[in-house]
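The block underneath contains the structure these notes are about, expressed in structure tokens.
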Amino acid sequence: MNPFSYRDGILHAEAVPLPQIAADHGTPCYVYSRTVLQSRFDEFRRALAGRDALVCYAVKANSNLAILNLFARAGAGFDIVSGGELARVLAAGGDPAKVVFSGVGKTADEMREALAAGILCFNVESAAELERLDQVAGSLGRRAPVSLRVNPDVDPKTHPYIATGLKSAKFGIPFEEALPLYRRARALPHIDVHGIDCHIGSQLLDPAPAAEAAAKLLGLVDALAAEGIALSHIDLGGGMGIRYRDEAVPSTAEYLAPLLAVLAGRKERLLFEPGRSLVGNAGVLLTRIEYLKHGEAKNFAVVDAAMNDLMRPALYDAWHDILPVAQAAGAAAEYEIVGPVCESGDFLGHARRLAVAPGDLLAVMSAGAYGMAMSSNYNTRPRAAEVIVDGSRVHLVRERERVGQLFAGERVLL
């Protein structure tokens with residue numbers, strides 16, 4: 001479903017016209033659809049019906065407390081990569097017993113916090129991390145539940161910045177080193193081996209690489225069982241992609257079907273860690289045109305959102321569709337959609353053909369994932385407000401930052 005559609009020439013979020021949100025909450029502003037957030041999670045739940053499975057939302061995609069709370073109430077677990085994300089999950093009412101902790105650089109303090117909270121599992125990504133975790137758990141008189149994140153060296157055929165399962169990636173444990181490290185984990189006094197984990201990348205549109213990785217993982221699971229190391233769960237990560245432009249995107253059921261076929265008949269619990277696929281198309285970034293600047297080589301639409309609000313175009317050269325909030329009948333021109341940040345890389349879209357005027361509103365589509373979560377205060381710019389639309393109701397779920405907040409913790413020299 002598409003919650004963002006035109007009614008009488010005006011783009012709406014569910015039943016609410018976007019100009020109303022801009023008038024009430026200003027711009028730039030992130031606008032999310034509750035209906036899509038819920039329906040996307042429900043698609044995973046239906047696709048996994050009849051299986052012992054847990055959907056752990058990848059918090060890094062969008063960590064707003066209201067979104068975390070919505071998923072927690074729906075029964076989700078959570079995939080975290082920092083102590084800060086753990087704190088957010090707990091503040092949002094998430095169940096720590098459904099939390100898996102990923103990431104290559106967990107600190108001792110983060111390990112202590114996660115052990116105290118009683119998380120489901122640490123996804124360990126190196127031998128050094130395993131040794132540290134054993135020491136930290138021992139200092140607390142606890143045993144740490146672990147899975148090893150195994151790098152299967154499978155090409156996910158995605159952008160190199162978001163490919164995580166190749167030999168060249170910083171993530172995970174090389175496949176050939178996994179068995180010896182499991183043996184080491186079994187021998188450590190404060191470690192409990194629970195599972196195995198694999199995540200090959202993000203924005204995956206073809207399930208074949210993920211199914212290949214799953215099959216490779218199962219061979220290792222069986223080799224471990226032969227040595228008396230029985231695993232209780234298999235975590236196949238996330239990475240399912242969304243449509244940004246004209247991509248052919250499988251449904252959730254279509255994407256998961258080849259993976260579930262590989263896992264048919266297995267008794268281990270299945271974990272999945274979707275992020276982008278749950279929230280990406282549930283959100284837009286609403287922004288206003290400040291100036292139109294016409295040049296000999298290019299025309300520029302200078303908007304009040306910038307690379308600090310939405311990093312993906314500058315970071316990945318990522319495409320986001322950009323729509324006028326009010327459809328106009330005037331002559332269209334080709335524009336670079338740029339922000340006010342003092343960087344040549346500050347753009348939201350190249351060569352977009354639009355009929356617009358100063359003061360018009362634009363909607364940057366498919367901005368629910370890695371938008372607000374990656375935003376910054378570069379150029380001392382307050383971060384945007386966030387709202388969730390539920391039918392005809394609008395909920396402010398994050399207030400716009402104020403400039404004074406940005407340097408409230410700083411001190412001048414005396």
Placed amide H near Y244: partners under 5 Å, 5+ positions off or other chain: none
Amide H within-cut-off set for R398, under 5 Å, with H built and near neighbours excluded: E386
Theoretical FRET efficiency, 1/(1+(r/R0)^6), r = Cβ-Cβ of A74 and E247, R0 22 Å, to 0.05: 0.25
Local electrostatic count at S126 - Lys and Arg +1, Asp and Glu -1, tallied over other residues with Cβ under 14 Å: -1
Dipole in debye (nearest 20) - the stretch 103-272, about Cα centre, beta carbon charges: Lys, Arg +1; Asp, Glu -1: 280 debye
Whole-number percent relative contact order across the stretch 10-86, with pairs defined as alpha carbons under 8 Å at least 6 apart: 25 percent
Inter-label distance for A357 and K170, nm, one decimal - labels placed 7 Å from Cα along Cα-to-Cβ: 4.9 nm
In the stretch 178-262, GluC sites (Glu not before Pro) in a DSSP loop with at most 12 other beta-carbon atoms within 10 Å: E227, E247
Sequence of S102, S392, S139 once ranked by neighbouring C-beta atoms within 10 Å, starting from the fewest: S392, S139, S102
HN-Hα J in Hz across the stretch 238-243 - Karplus 6.51, -1.76, 1.60, θ = phi - 60°, x for Gly and Pro: x, x, 4, x, 10, 8
For the stretch 116-135 and the stretch 178-206, distance of Cα centres in Å: 10 Å
Relative contact order of the chain, defined on C-alpha pairs under 8 angstrom at six or more residues apart (%): 19 percent
Cross-link pairs beyond the 29 Å C-alpha cut-off, checked among K60/K293; K60/K298; K170/K216: K60/K293; K60/K298
Between helix 175-187 and the chain: long-axis angle, C-alpha atoms, 0 to 90°, nearest 10: 60 degrees
Environment charge of G77, counting only residues whose C-beta is closer than 10 Å and scoring Lys/Arg +1, Asp/Glu -1: -2
Contact order relative to length of the stretch 103-272, as percent, for alpha carbon pairs under 8 angstrom and 6 or more apart: 20 percent
Local net charge near A144, Cβ-Cβ under 9 Å (Lys/Arg +1, Asp/Glu -1): 0
Hypothetical label at R46: residues of the stretch 1-24 whose amide nitrogen lies under 12 Å (7 Å Cα-Cβ projection): 1
Integer Hz, Karplus 6.51/-1.76/1.60 couplings in order for the stretch 378-383, x for Gly and Pro: 3, 6, 6, 9, x, 6
Trypsin sites (Lys or Arg not before Pro) within the stretch 210-302: DSSP coil, no more than 13 neighbouring Cβ in 10 Å: R245, K267, K298
Using alpha-carbon coordinates, inclination of helix 252-262 to the longest axis of the chain, degrees: 20 degrees
The stretch 285-354: GluC sites (Glu not before Pro) in DSSP coil with no more than 16 other Cβ atoms inside 10 Å: E296, E343
Centroid-to-centroid separation of the stretch 347-367 and the stretch 32-51 [C-alpha atoms, Å]: 30 Å
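FYI, it's all coordinate maths here, none of it is from the lab. Small disclaimer: the values here were computed from a predicted structure and weren't measured. Positions of Cβ are backbone-derived with ideal geometry, glycine not excepted, and every protein chain shown enters the neighbour counts.
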